[in-house]
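Below is one structure, written out as structure tokens; comments come after it.
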Amino acid sequence: MEKVVILGTGPAGLTAALYTARANLEPLVIEGLEPGGQLTTTTEVENYPGFVDGIMGPDLMDVMRRQAERFGTRYRFGMVESAEFKSGAHRLILDGGEVIEAATVIIATGASAKYLGLESEKKLIGRGVTSCATCDGAFYRDQPIAVVGGGDTAMEEALFLTRFTSDITLIHRRDEFRASKIMADRVKDHDRIKILWDTVVEDVLDVEKGEVTGLKLKNVKTGEQSELAIKGLFMAIGHQPNTKPFVGQIDMDDVGYIKATNTRTNVEGVFAAGDVQDAVYRQAITAAGSGCMAALEAERYLETLGQ
Ligand code: NDP
């Protein structure tokens, strides 16, 4: 039986791996579909402490991966299809049918930003299409940009982006926001944000090839179509935590985020770290911090088992 199995290779999973490896627990990391997590889809990361000149997202993840490997972390590719959590011997069932038993499991499978699902949008992710204003806002100084969404995230992103540019269009598919009133009012009152109500994005344009140049829009009430010239498109239509394999096995909220207190879930020996249990902060550094917490919690728990 494995002592520690970590699911996910974003900052949370790899930090948990580093700490448990240094504690001689020989963690096994299951990599999942997107090794490196969300940071591998961003370009430059300027807000991860320790890198004066910033670092490319994929490079940061590569460094973290090698750092954890140095102390004995083992990696293997695979998708966890389902789990049976039973204190003392948790079972993880992989896509090929293989079963891994573990005394502790650290779930760090992250959350995926939702996108509209347009082919053009997919092609331009990381080339003008992004889902993180905190990460990418500074690249669009004095440029025309658009934010899509009507929830608190969209409000927060649009307001944050006013630091960089005065040309922000907020596009929402209905005629009222889902966001809290206080956030919505701040956006409505802001002279740098223009709101397009009842509007959907039909296509992301890249006439210069390879970079966002504009949007094709449609007013859902009038049917009128229009184009909007922009350089950056910030998607803020929600996130989906990657917790499907654990449904019914562990406490989650209505959206599917794992409920955890100091990374401890309601199941003994199962811990959750990073975006899979955090709908609010969602930063690489907070994910890494919680990965460290989960590792220390797992270590303590194993001590109680005499391992
Ligand atoms: P939400 O689910 O609250 O909002 C998503 C928004 O995106 C909605 O306005 C929705 O439109 C729109 N949307 C969804 N799918 C599409 C689509 N396919 N096309 C166009 N528009 C779409 O997600 P958030 O990420 O905004 O918030 C998640 C949770 O986190 C909420 O509980 C929120 O309150 C909380 N949060 C709190 C913050 C804070 O307190 N500072 C900051 C950020 C988030 P529609 O309204 O029509 O459904």
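A short reminder: the numbers here are calculations on the coordinates, not readings from a lab. These numbers were taken from a predicted model, which means no experiment stands behind them. Note: ideal-geometry Cβ built from the backbone for every residue, glycine included; neighbour counts use all protein chains shown.
Please tell me the relative contact order of the stretch 18-62 in percent, rounded to the nearest whole number, where contacts are Cα pairs under 8 Å and at least six residues apart.
After rounding, I find 30 percent.
Checking Cβ-Cβ separations below 4.7 Å across the chain identifies Cys292 as cysteines lacking any candidate disulfide partner. Axis of helix 284-304 versus longest Cα principal axis of the chain: the two differ by about 20°, to the nearest ten degrees.
In the structure shown, the pairs Lys181/Lys244; Lys188/Lys231; Lys114/Lys244; Lys123/Lys181; Lys114/Lys194; Lys123/Lys216 are assessed against 27 Å; a Cα-Cα span above that value is assigned to Lys181/Lys244; Lys123/Lys181.
With N counted as the residues of the chain, its alpha-carbon radius of gyration over 2.2 N^0.38 Å works out to 1.08. Longest stretch of the chain clear of exposed loop sites (chymotrypsin sites (Phe, Trp or Tyr not before Pro), DSSP loop, at most 16 other Cβ atoms within 10 Å, sites excluded): 198-280.
Treating each Cα of the stretch 15-172 as an identical point scatterer and summing with the Debye formula, the log10 of I(q)/I(0) at q = 0.10, 0.20, 0.21 Å⁻¹ comes to -0.51, -1.26, -1.32.
With q set to 0.13, 0.23 Å⁻¹, the log10 of I(q)/I(0) for the stretch 119-235, from the Debye formula over equal scatterers at the Cα positions, is -0.44, -1.37. To the nearest ten degrees, helix 152-161 and the longest principal axis of the Cα atoms of the chain are 70 degrees apart. When only the Cβ of Lys, Arg, Asp and Glu is charged (+1, +1, -1, -1), the dipole of the chain relative to its Cα centre reaches about 180 debye.
Can you give me the orientation-averaged projected area of the convex hull built on the Cα atoms of the stretch 1-93, in nm²?
6.5 nm²
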